[in-house]
Each structure stands twice: as structure tokens, then as C-alpha cells.
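Inspection log for the structure reproduced underneath, given as C-alpha cells.
The values are calculated or read from the model by the stated rules, or taken from the named source; none is laboratory data. As the structure is a prediction and not an experimental result, all values here were calculated from the model. Cβ placement follows ideal geometry from the backbone for every residue including glycine, while neighbour counts extend to all protein chains displayed.
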């Protein structure tokens, strides 16, 4: 069989945040992991560690994951201080071990933010995002109300711009990367998706005010133009969405009574 | 057990209207008196929950993920079909109906499929109204494309993220209702039992995945929208957490399981690289429009693909199917790849792949054009494999992708347990033996937005429901059986991880109940699965306790259910002595290697009834009749 790449297995030292539950104190624990293939994804590497821990009778490291193809937004992790690790525009599940070399030490922590309390080990509670969405991240249209889809013309460019914002997977990397733990990129993306479309117009002001207020109530910080969120976003959501959120919010405060 | 499909009589074009008229209505003021529990928040569950809440019902939703926005519907790439005929290319409700019945190899109910085609147009309208940013033409109208071999352009899409955008649309409607206080959201909950009181589904038992507590919830009806069972094969394109547990536990409480052997295997996936592999990633089959599939003529040829001259290559699809070539349907392309690998002509370090080569396409239309058409797919492949597909052929292999079987439901989407409904991929209803591309999103949303909200009203209006609380003995019994099982998992004292045992099951299923099935391979599976199940209960290692967040325990519970379900799947495949759609029995094929149905003996739905632990399940039959579509053999040679 052909050898298409250097398949040399690696030995790694992992420093992983362990925390039994929300109330417990956490700490970094070291694990030596041998025989890591460069073809493994980062989460498959953690799977191997967990299988070894369980076989020894130890508790597995808890981490969130589901689709493992970069779209569900369930996986997270601060890897050596970077949300979703060192590679640009990928989620942790799409990060591969070929990014690392034999002998490396990797530090793995949960996403850190006041509004994202740790559930266990590397899992955090991101339900604050759901509550922000409940405040106004929708068009109030009941099933059955809709008119024919083509009765509303939306230009190609507008639809594309809206789609750029709608591509957000709600993973929370923007919050984890921000020194203020601000959720402005997440909120900006949702507000932008609707503000750009005719369907979003009837509730445009109400939405900007309500989602912004919900964000503050959840304990997220303010934006100080660090651009860390844009750099960490696995879906490359642009910072211009934050500018649009600010404009939408400002406009809404002027217009609304 | 009696299977009454409740399919309306009369002309098919009028059957849904007639049925809706005949369903009794619940007075608007009375709707708030009924509580519905919806398990699963994918396209089907979220759309059903939001719509029922809009109508005035009390709704509670449950999902295993940390948010209702993450269900695996989100990963669907291609698009959603509708019979809008916007491109003016001859589409109609009748044509979508016809294509779906034929694509399902004449193993679906005509009336269900007709209704699906009818409401497909409402789905597009609804999603646009919600603010789903579908692709648009420059004039501002919606874009359509042809997909999955359809001869008309009826697929609506939002880049390669259609599932994501439709799910986020349904999720936004659901969040609106949560904000209005009409829906209660329960995340990180896994349904582990259905509670049946006086023959009616009246509640569920969930594990709170954070605290480990067994929680009970009562309702007037229970809706399962918990997805497919592809992960019984261990490796599939499904999300890691996708599982059969909710539908299997419902089956053990009396819900018939229909056609479990109908599984779809998709030919163009990124191949397995090692034993640690946790999932297979799908690449759009549009790649086969320009790529040529081949393997070396020589067994175990050690050369790099670029160094293998034309005369030593076998473009086997073009050789075997000269008319369709690389564009043969999914099932045929998948089986042909398996045959090459069985002949020891597979490629890559594992030998478990075939080449998909764009060399000729690049020479013909140039690399920039290839990049424009397939750039995102090439990038994804490059990213996963670290191989540059512009320079060396891609390696692909088939993977389990979708399961057409599921809980048996009648025309109202109700299972054989009154008050227990089942939607989306979790039910068996609309795709027959094979699902066409861009039809899964359509079915999930049809069930949730436009079918269940009507039919559940008919159930409530026509049923006497006694008052039930979670203090009822049936709840106590269900909780104690859930807890006993958890304790059993924790106390085996074994040394093998649940994943390792799941992998073993996957090997048995893939080797014996995969793309090509024979009586011999199925009998092998039927002897190996019970043996593995026994091994599981002796050797599974579950660390930690039941009273905490414990992902090892969650996994073990799901694998235990797959170990029971896999046997039923194999048994269903053994008793269906014909080939149809995704179910290919090697004994039953045409001389060209096509699936050969036996309409005299098997033009029916097989619905299995659980008879208790250690007892053989009973096979019931719902006969299928085709009054509107002429039944014929598929032919692609």
C-alpha cells in the first residue's frame, strides 16, 4: 500500500481542565498520551484518551461535541488559549492532529465567560444565547400565514449578505476569545440577518433593542474593538456585523418612543 | 396488533383535504388544556413544537444537546425539494409525488407521499416568511437547482448549508414561543422511556444529563422526532450523538418498528483512515458530474495514482454501466465500490477507498473552472485528508447516511400506541425503500409544520383522556426500570469502553448487513449480535456514577439499545427476500446487477411487534397498493 504522508505517531502531554460540576473548584491535570496519529481529529484524540481513562477505571474528560463536521456549533474548547485552536476558520472538531508534532504539550480549557458557567470539565452552559434569541431573534410569523415565496423580491446581493450573517453556528467562540467576554458578534450576526431582509423590517427596532438588552442582562461584556471575535470565528463572521448592530441599536433608540 | 393506516379513500388529489375536513377540531379556548411533549428539536420536532404552541397548545420540548439549535438536521447540505415549478420546467405536485414513489422503489404509501408533495410548496413560503436566506437570482426571485438526478430543478437551497438555515428558522419560531411562555424548553435531557397509562402515551422519563436525575413529565400526547438509527453501524455520516434509544424504548412499550432494513448508503464520503475514526464526512455527490471513478487493474498496486498509466486503470463504473457511467444512482455506485474493495483493488493506506479523479476535467475545462464548481468540496477534502485533490485523485468510500425505516405510523403520524406520534426520519412513512436527495428536509418540515398540528387536534377531539399526574404508578414503574438499567450498566465491573463495543457492533453490521446482504451474512449477524450483547453486559466499563454528568454512561446506554436494535434490523433484512432501494439481497438481482423486487410477495410494509425480552418479535404486514403510479422496475444500465 502506498504511504501518502508521514504517518509517524506522536506522543503528547495534555493539560486538561477538570472540574466535577459547576460548584466544584477546577484544576489543570496532566495526561501523557501516546500513539497519536496525525490523521486524527482533535476530538478523536480526546476519544482515545477517554477510552484509555475508562479502561483504567478513571472518569472520562467531559467535552461537548455532536456533528463532527463543523456545523452544529456544539464543540468548543480553548486550545493553548485560542478558541477552537490554532487553525483559522475551523471548529475544534475539524482541527487535525497534523497541526502538532511529537513531544508537544497542549493545554485544553473550557470557553471562559461569566455568562457561560462550566457544567463539567470542558462543557459550559451556553443557554444565554438561547435567551438572547428568545428576546427577539425571529420574525413573528405563525405557520400558515405566509404568502407565496416569490411575491417578495430580494436582491441576490442582499440575500448573500444576509446569509453571510446567518452562517453563525452559535458556538460562542466570539465570547471566549473576547477579553470582555462580549457577545456582540453573535448578536450582531442575528440582528444583521433580519435587518437586511424585508421580512425583518416590521420588528426591526424592537429586535435590536430587545436582543441588546437581553445580552446585557446575561452578563456579557461590551465591545472595545479588539477584533478577537472575528479572528476566532470558525465561520468567519465579519466584525462589520457589530457595526451594523450599533447602527441598528442607535437608529432604534432614535425612532422608538 | 392491528395496523390501520387510516388512509382516506377516494381520489388522491382530494384525500388530504377530505381527511382534514373529517378530523374533529379542538375549540381554540380548549387547546390550552392539552399538553404535548415533543422529544427532539430537529426540523420535525422544532417545527411541530412551534406550530402547536402557536395554535394554543401547551408544549414542552426535550433534546440531548445543550441547545435546541444543534440537532443533526443542521448538517444537511444540498437543499429542500418543492413542487413550485418556478423554473417553468414541467414540475408539478403530481411529478414530485411520482418521482418520490418511484425513487422509493414502490415501497411507500401513495397517499402519504402525495400529501408530502402537496405541502412542499407551503414549506418554502413558510421558511421565506421566517427570514431564511435562500439563494436568489439577480432579479430577486428564488434560485432552484437540479439535485440527486431529478430531471427538473425543484431544489431550493442556502449555499451548502440548507439544513442549517431551515433548522435555525424553525428554532427561531420555537424561541419566539419560549419567549411568549407557551413552550418550556428542556435541554441536556435524554428520553429513556415512554409512559403508557390505560393504553395511551401519557408521559416520558428523561435522564437529566447534568444532574443524572430521572425526571418524569406528563402530557396528553407524546411526539418523538428523534432522528434515524444510522449509528448502529458505528461509522456513519450522522452526528456522534444520534441514536435509536427513544424510538427503541417506545418500541419496547408497544410501538411497531417498520422496515428497519431500509438503510441508505451514500457513495461519496471521505474514507476511513484508522480505527480511531469517529465519523464519516459526506461530500456532495455532484462531484460525480465531472470526476471519474477508478481503481488499479492490478491487485494491491503499490504505485502512486499519478504513476499508474491509463492502461492499468479500471474505470469500472464506465465499464459496467456504459450508458450512465459515473452517474449511476447512489446504491449502485456504492455496491460497485464495495465489489472493487472485495477484489483487493481498493486504494489508500487502508485499502478501503476508490479514486475519484478530476485529471480529465481539469484538462478539459481548466483548474479555475473546476475550482469554481467544486472549490468548497475540494477544500473540505484537503482539510480532512491533507491531500490536494487538484494534484492527486480524491479517495472516496460509501458510508451509511440515512435510514428510511422507523416507527410505524398511520396517516395521522400516530404510532401503534395511541397518543404517541412520530415525525421526520424517526418514522418510516414517506421514502419507501430509498430516499431521494433533498427530500429529508421536506419530510421533516412537512410533518412538523403542516401535518401533525392538524392530526393531533383530531386525536384530542376524538379521545377521552383521564387526568394523569407523574404520581401515577405507571410513572413509578418506568422510573424504576430506567434506574435499574442504569445501575446494571454501572455495575458490570468490566474493562472495555462502550465505544470499543460499539465499534465491534459496527463491524458486524457493516460486513453482514451493509451494502450487499445474503441469507448467509444475515444469519452470521444474527448469531454474532446476541453474542456481542452478552459480551457487552459482562465487559462494558462505565466509570463514574449515575448521579452526575456522565457521558460514558450515556454512550453505554445508547450502545446497549443498538445491540438490541441491530438484531431486529438483520432479521427484517433476512425476512425481506427481495431487493428494493437501499435493501440489496445479493440472491435477488437482475443480470445487470440491479435490485430485483418481488412485488407478489413483498409489496408491503413489515412492522415488527416487540414481544418481550428473549422472545422473537412478531412481523406484521401492511399491504401497499398502487392505484396512481404504475409499478415498474428501475433500470439504469
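Could you please let me know if residue A:67 is within 7 Å of chain B (Cβ to nearest Cβ), touching a residue at least 24 places away in the same chain (Cβ under 8 Å) and in contact with a helix residue (DSSP H, G or I) (Cβ under 6 Å, 6 or more places away or on another chain)? Taking the combined requirement at face value, the residue satisfies it.
Here is a check on your reading of the model: is residue B:595 surrounded by 20 or more Cβ atoms within 10 Å (Cβ to Cβ), within 30 Å of residue B:329 (Cβ to Cβ), modelled with pLDDT under 95 and in the same structural domain as residue B:517 (by TED's automatic domain parsing)? Judged against the criteria, residue B:595 is a match. Taking the listed residues A:116, A:138, A:111, the one that is assigned by TED's automatic domain parsing to the domain that holds residue A:18 and either in contact with a helix residue (DSSP H, G or I) (Cβ under 6 Å, 6 or more places away or on another chain) or part of a helix (DSSP H, G or I) (or both) is A:111, with no other qualifying. With respect to residue B:321, is the statement that it is modelled with pLDDT of 95 or more and either more than 32 Å from the chain's Cα centre (by Cα) or under 30 Å from residue B:150 (Cα atoms) (or both) true? No: the conditions fail for residue B:321.
In the set (1) over 24 Å from the mean Cα position of the chain (by Cα); (2) buried (at least 22 other Cβ atoms within 10 Å of the Cβ); (3) not in a helix (DSSP H, G or I), the condition left unmet by residue B:53 is number (3). Hey, can you tell me all the residues within the range B:261-318 that are in contact (Cβ under 8 Å) with a residue 40 or more places away in the chain, assigned to a helix (DSSP H, G or I) and either within 17 Å of residue B:336 (Cβ to Cβ) or in the same structural domain as residue B:571 (by TED's automatic domain parsing) (or both)? B:285, B:287, B:288 - these are the residues of the range B:261-318 that are in contact (Cβ under 8 Å) with a residue 40 or more places away in the chain, assigned to a helix (DSSP H, G or I) and either within 17 Å of residue B:336 (Cβ to Cβ) or in the same structural domain as residue B:571 (by TED's automatic domain parsing) (or both).
Any idea which of B:587, B:528, B:534 is assigned to a loop (DSSP other than H, G, I, E, B) and at pLDDT 95 or above? Only one candidate passes the filter, namely B:587. Flag set for residue B:189, criterion: crowded, with 21+ Cβ neighbours inside 10 Å and farther than 20 Å from residue A:159 by Cβ.
For residue B:61, the conditions (1) more than 18 Å from residue B:436 (Cα to Cα); (2) not in a strand (DSSP E or B) are fulfilled apart from (2).
For residue B:348, the conditions (1) buried (at least 20 other Cβ atoms within 10 Å of the Cβ); (2) within 14 Å of another protein chain (Cβ to nearest Cβ); (3) within 25 Å of the chain's Cα centre (by Cα) are fulfilled apart from (3). Against the test of being touching a residue at least 40 places away in the same chain (Cβ under 8 Å), assigned to a helix (DSSP H, G or I), away from chain A (no Cβ under 14 Å) and buried (at least 21 other Cβ atoms within 10 Å of the Cβ), the options B:606, B:560, B:556 yield a single qualifying residue, B:560. Among the residues making up the range B:169-186, those that are out of contact with any strand residue (DSSP E or B) (no Cβ under 7 Å at 6 or more places or on another chain), more than 7 Å from chain A (Cβ to nearest Cβ) and in a helix (DSSP H, G or I) are B:169, B:170, B:171, B:180. Is it fair to say residue A:63 is outside the structural domain of residue A:199 (by TED's automatic domain parsing), at pLDDT 95 or above, within 21 Å of residue B:274 (Cβ to Cβ) and buried (at least 20 other Cβ atoms within 10 Å of the Cβ)? Here the answer is yes, as residue A:63 does meet what is asked. Across the range B:340-364, the number of residues qualifying as touching a residue at least 12 places away in the same chain (Cβ under 8 Å) and either in contact with a strand residue (DSSP E or B) (Cβ under 8 Å, 6 or more places away or on another chain) or part of a helix (DSSP H, G or I) (or both) comes to 17. Are any residues in the range A:3-36 within 13 Å of chain B (Cβ to nearest Cβ), at pLDDT 95 or above and out of contact with any strand residue (DSSP E or B) (no Cβ under 8 Å at 6 or more places or on another chain), and if so, which ones? Scanning the range A:3-36 gives A:23, A:24.
Checking B:108, B:46 one by one, the residue that is within 20 Å of the chain's Cα centre (by Cα) and closer than 25 Å to residue B:159 by Cα is B:46 and no other.
Scanning the range A:224-238 for any residue that is over 23 Å from residue B:164 (Cα atoms), within 14 Å of chain B (Cβ to nearest Cβ), out of contact with any strand residue (DSSP E or B) (no Cβ under 7 Å at 6 or more places or on another chain) and modelled with pLDDT of 95 or more turns up nothing. State whether the residues of the range B:474-488 include one that is touching a strand residue (DSSP E or B) at 6+ places or on another chain (Cβ under 7 Å) and farther than 22 Å from residue B:252 by Cα. For the range B:474-488, residues touching a strand residue (DSSP E or B) at 6+ places or on another chain (Cβ under 7 Å) and farther than 22 Å from residue B:252 by Cα: absent. Of all the listed residues (B:252, B:320), the sole one being within 26 Å of residue B:501 (Cα to Cα), more than 14 Å from chain A (Cβ to nearest Cβ) and surrounded by fewer than 23 Cβ atoms within 10 Å (Cβ to Cβ) is B:252. Within the range B:82-138, take every residue that is in contact (Cβ under 8 Å) with a residue 60 or more places away in the chain and at the interface with chain A (Cβ under 9 Å from one of its Cβ atoms) and give me the one that is surrounded by the fewest Cβ atoms within 10 Å (Cβ to Cβ). Per the criteria, the residue is B:122.
A count restricted to the range B:323-345 and to residues that are within 14 Å of another protein chain (Cβ to nearest Cβ) and either in contact with a helix residue (DSSP H, G or I) (Cβ under 9 Å, 6 or more places away or on another chain) or at negative phi (or both) stands at 2.
Of all residues in the range B:365-404 being within 14 Å of chain A (Cβ to nearest Cβ) and assigned to a loop (DSSP other than H, G, I, E, B), which is farthest from residue B:430 (Cα to Cα)? Per the stated criteria, the residue is B:391. Taking residue B:538, is it out of contact with any strand residue (DSSP E or B) (no Cβ under 6 Å at 6 or more places or on another chain) and in contact (Cβ under 8 Å) with a residue 40 or more places away in the chain? So residue B:538 fits the description; yes. The single condition among (1) out of contact with any strand residue (DSSP E or B) (no Cβ under 9 Å at 6 or more places or on another chain); (2) within 25 Å of residue A:245 (Cα to Cα); (3) within 11 Å of chain B (Cβ to nearest Cβ) that residue A:83 does not satisfy is (3).
Could you tell me whether any residue of the range B:146-154 is within 12 Å of another protein chain (Cβ to nearest Cβ) and crowded, with 24+ Cβ neighbours inside 10 Å? No, that holds for no residue.
Scan the range B:202-215 for residues that are in contact with a helix residue (DSSP H, G or I) (Cβ under 8 Å, 6 or more places away or on another chain) and more than 19 Å from residue B:67 (Cα to Cα) and the total you get is 4.
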